[in-house]
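Heads up: the structure comes next, in structure tokens.
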Amino acid sequence: MGKILLTIVLLLGGCVSEKPAPTMKLEFREVGDSLRVNYKIMVTKDGKSSYPVSNEVLMSGEYVSEASILKNESGTYGVSITLNSEGTKKFQELTKKLVGKKLAAIIEGDLIIAPKIMEEISGGRFIISGSFTKEEAEKIARGLAPQN
């Protein structure tokens, strides 16, 4: 009887969350043209650029279904992100609204990259490049992917 009760408790415990959460925090925020209310200056992790970034999180990493590393032509590494269907729709709407503006990708509170959105991004796949080493890219990919 004790074994059956333990099994039921373990099964119920596993049902609390539908999908395991990632271990790293990913946020997308709008980059402004100038510093204004509810914006703060953020410096990219490499220290090369700074931008006025909104305090409002437009989208978070909860929609990431897969993250993996890839090697860029320059020999540095990036992280390829695939979103689930809900995230794909949300990211497409977000990038459609921000065409011509910059979108900040922030991981664990660090501004990684703030590219200008040239066109809406559909398909739910994109790359975050930040001149990562292989080890950094692997750590980020592991941290952003849902945990099994």
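Taken together, the values in this text are just the output of simple stated rules run on the coordinates, not laboratory data. Computed from a predicted model, the values in this text were never measured in an experiment. Positions of Cβ are generated from backbone atoms using ideal geometry, with glycine treated the same way; all protein chains shown enter the neighbour counts.
Output the pairs from Lys101/Lys139; Lys48/Lys96; Lys48/Lys102; Lys40/Lys90; Lys25/Lys139 with a Cα-Cα distance over 22 Å in this structure; if there are none, say none.
Where the Cα-Cα span goes over 22 Å, the pairs concerned are Lys101/Lys139; Lys48/Lys96; Lys40/Lys90.
Ranking request for peptides 36-47, 105-116: highest mean number of other beta-carbon atoms within 10 Å first, then the rest in descending order. Could the numbers behind the result be given before it?
Working: 36-47: 12.5, 105-116: 17.1.
Result, highest mean first: 105-116, 36-47.
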